[in-house]
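Trainee: First the structure, then my questions, so here it is.
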Amino acid sequence: MQALEYAQSNQDRFLAELIEFLRIPSVSTQAAHKPDIERAAAWLRDKLLDAGFPRADVVPTGGHPIVYAEWLAAGPDAPTILVYGHYDVQPPDPLELWNSPPFEPTIVGDDLFARGAADDKGQLYVHVKAAQAFKETAGALPINVKCMFEGEEESGSPSLEPFIRDHAELLAADVVVISDTHILGKDTPSIVYGLRGITYAEIEVTGPDHDLHSGTYGGAVQNPINALCHLIAKLQDPDGHVNIPGFYDRVRDLGPDERAELARAPFDREAWLQEAGVKTDWGEAAYTIPERTAVCPTLDVNGMWGGYIEPGAKTVLPSKAYAKVSMRLVPDQQPAEIYQLLRDYLAQIAPPAVEVQVRDLHGGDPAVVRRDSSAMLAACRAYAETFGKEPVFVRGGGSIPVVAAYQEALGIETILMGFGLPDDRLHSPNEKFHLPNFYRGIETVIRFMQFLGARTS
């Protein structure tokens, strides 16, 4: 296939472009980076135009812009895919833990280190370069392609669902394709068919109306940090089972057939422990590690603060204490309902000497997609021919709320064609993208487009 030959002979140029993309610090959660977000959106639009898309626009929203592009020359009888990705990235902190500057991409062996390398700039760019390979060889795509790349995924996507609802006709497609997940190993392709949802909340505990001297008032005034620790300790038992009343009421039973299928995916416990940097695993003994990390709901404290944390000592009894808590959800748990259950439970167990407030920061629905559609079959064949091995179906532990949003608003399902690796350190210092997977990702998408067009022609 000429498009494959073009992609293979232009790997150095594609890599140079990706490095340029990664140098833009498009951190969506920090207002200081708003100009960088806008610069990244404009850069991506220009690359889509260069790749052959007749239309590519930077579309304003109530927050950061969405980049929309389309190439519909294959005609009304050809299948149409909608490629989703995000060009925003997580904050790079803590900077001192990076081995190289997060926005100065660095190649070490076969890995490219930079913030956003795998999440999601590198994976997003796979689709742009696959389209360009067809442009430069065949002059056209074998299917119709629309792209929607957002700049708020790492900050909860507040503008995304309204945009989807308001532009349902523009975004109409047969299937959504997302590359924002990982495969099981360098030579073990996999396709994620289910994702967990999320409820993310902030807890604020207030005691006295100002900081107090702990020697004068300690023991007679409840310390908000101490109270917060007691509250958090009551949220789950020592094995991770969540104690919030009603939390498990909607959880679907994990039947023996699905457990057996999930168990077929290769799993190396020792390698997993090494990758995680821990001596042993933890969690409910009734479930395996892959089940705990993909198909079971969870509760985690993502951050806590309050009082004095600078060097040296300060004997203060603080006025306030805070924590951020995320709960990963499974079908059919609902983010808004889980938030309310958390809020009610904290109000029930809060000691009378402090005031507890809970804020809903963002949420997303869990999703499970079909595995027998023509698009899924084309994806399986594309992975198999590129990697020389049939892909394994797995459930993903992360959250991509847009998958459920597409199901609800547009009535279409999603193919999760990921090319990252489990050790890519997403959201952590030293994030990376394995470069052979970048190149094989482009080849897989080229084959996917070709096979999908042939299956439905």
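Throughout, read-outs are computed from the coordinates displayed, never taken from laboratory work. Nothing here was measured: the structure is a model prediction, and the numbers come from that model. For neighbour counting, all protein chains shown are included, and Cβ atoms are generated from backbone atoms with ideal geometry for every residue, glycine included.
Trainee: For n ≥ 4 DSSP H runs only, could you compute -39500 (n - 2.57) per run for the chain, divide by its residues and tell me the 222 nm figure to the nearest 500?
Mentor: Taking each H run of at least 4 residues, the total per residue is -10000 deg cm²/dmol.
Trainee: Pull up the DSSP beta bridges for the chain and report the antiparallel fraction as a percent, rounded to 5.
Mentor: Beta bridges within the chain, antiparallel portion: roughly 70 percent.
Trainee: For Cys147, Cys296, Cys229, what ranking results if the residue with the fewest other Cβ atoms within 10 Å of its Cβ goes first?
Mentor: Cys229, Cys296, Cys147
Trainee: In the stretch 93-191, which trypsin sites (Lys or Arg not before Pro) fall in coil by DSSP and have 16 or fewer other Cβ atoms within 10 Å?
Mentor: Here the trypsin sites (Lys or Arg not before Pro) that fit, given the DSSP loop and packing criteria, are Lys186.
Trainee: Quick one: dipole size for the stretch 318-457, taken about the Cα centre, charges +1 on Lys/Arg Cβ and -1 on Asp/Glu Cβ, in debye to the nearest 20.
Mentor: 340
Trainee: Toward the positive end of the charge dipole of the chain, about the Cα centre and with charges on Cβ (Lys, Arg +1; Asp, Glu -1), which of Trp305, His182, Tyr439 goes farthest?
Mentor: Tyr439
Trainee: Just report the Cα centroid separation between the stretch 277-352 and the stretch 382-457, whole Å.
Mentor: When both Cα centres are located, 30 Å separates them.
Trainee: If we count other beta carbons within 10 Å of each Cβ, what is the order of Arg440, Arg343, fewest first?
Mentor: Fewest-to-most ranking of Arg440, Arg343: Arg343, Arg440.
Trainee: Now a separate question. Any idea what the alpha-carbon Rg over 2.2 N^0.38 Å comes to for the stretch 84-152?
Mentor: This ratio for the stretch 84-152 stands at 1.40.
Trainee: Same structure, new question: Counting just the Cα atoms, what span does the stretch 370-457 cover along each of its three principal axes? Round to the nearest Å and put the largest first.
Mentor: Principal extents (largest minus smallest coordinate, Cα): 45, 34, 18 Å.
Trainee: A further question on this structure: For the stretch 309-457, what class follows from the C-alpha gyration tensor (a ≥ b ≥ c being the square roots of its eigenvalues): rounded when a/c is under 1.5, otherwise prolate if a/b is larger than b/c, else oblate?
Mentor: It comes out oblate by the Cα gyration axes.
Trainee: Under 12 Å Cα-Cα from Lys389, which aspartates and glutamates qualify once same-chain neighbours fewer than 8 residues away are excluded?
Mentor: The reachable aspartates and glutamates, counting only those whose Cα sits under 12 Å from Lys389, are Asp187.
Trainee: Put +1 on the Cβ of each Lys and Arg and -1 on the Cβ of each Asp and Glu in the chain; which of Val394, Ala271, Leu4 then has its Cα farthest toward the positive end of the dipole?
Mentor: Of the candidates, Leu4 comes out farthest on the positive side.
Trainee: Also, quick follow-up: Based on the alpha-carbon gyration tensor of the stretch 223-334 and its eigenvalue square roots a ≥ b ≥ c, which shape applies: rounded if a/c is under 1.5, prolate if not and a/b is larger than b/c, or oblate?
Mentor: Cα axes put the stretch 223-334 in the oblate bin.
Trainee: Still on this structure, I have one more. Please compute the contact order of the chain in relative form: average sequence separation of alpha-carbon pairs under 8 Å and at least six residues apart, divided by the residue count, as a percent.
Mentor: 25 percent.
Trainee: To continue, here is another question. Within the stretch 158-236, report the GluC sites (Glu not before Pro) that DSSP leaves as loop and that have at most 10 other Cβ atoms within 10 Å.
Mentor: Filter output for the stretch 158-236: Glu169.
Trainee: Now a separate question. Estimate the FRET efficiency between Tyr308 and Tyr248 by the formula 1/(1 + (r/R0)^6), using the beta-carbon distance for r and 35 Å for R0, to the nearest 0.05.
Mentor: After rounding to 0.05, the efficiency reads 0.35.
Trainee: Taking the dipole about the Cα centre of the stretch 1-89, with the C-beta of Lys and Arg at +1 and of Asp and Glu at -1, give me whichever of Gly52, Leu72, Leu18 is farthest to the positive side.
Mentor: Of Gly52, Leu72, Leu18, it is Leu18.
Trainee: Here is a further query. Sort the stretch 1-113 into rounded, prolate or oblate with this rule: let a ≥ b ≥ c be the square roots of the eigenvalues of the Cα gyration tensor; rounded if a/c is under 1.5, and if a/c is not under 1.5, prolate when a/b is larger than b/c, oblate otherwise.
Mentor: oblate
Trainee: Using the beta-carbon distance between Glu96 and Thr280 and R0 = 35 Å, what value does 1/(1 + (r/R0)^6) give for FRET efficiency, to the nearest 0.05?
Mentor: That gives a FRET efficiency of 0.80.
Trainee: Taking the Cα centre as origin and putting +1 on Lys and Arg beta-carbons and -1 on Asp and Glu beta-carbons, what dipole magnitude results for the chain, to the nearest 20 debye?
Mentor: Here the size comes out at about 340 debye.
Trainee: Computed FRET efficiency, Cβ-Cβ of Ala31 and His213, R0 22 Å: what is it to the nearest 0.05?
Mentor: 0.05
Trainee: Could you give the dipole magnitude of the stretch 101-173 about its Cα centre, charging the beta-carbon of Lys and Arg +1 and that of Asp and Glu -1, in debye to the nearest 20?
Mentor: 360
Trainee: Exactly which chymotrypsin sites (Phe, Trp or Tyr not before Pro) in the stretch 261-339 are in a DSSP loop and have at most 15 other Cβ atoms within 10 Å?
Mentor: In loop regions of the stretch 261-339 (DSSP not H, G, I, E or B), the sparsely surrounded chymotrypsin sites (Phe, Trp or Tyr not before Pro) are Phe267, Trp282, Tyr308.
Trainee: Now for a different question. Can you say what percent of the DSSP beta bridges in the stretch 70-157, counting only those with both residues inside, are antiparallel? Round to 5.
Mentor: Rounded to the nearest five, the antiparallel share is 40 percent.
Trainee: Over what distance in Å are the Cα centres of the stretch 122-166 and the stretch 200-243 separated?
Mentor: 45
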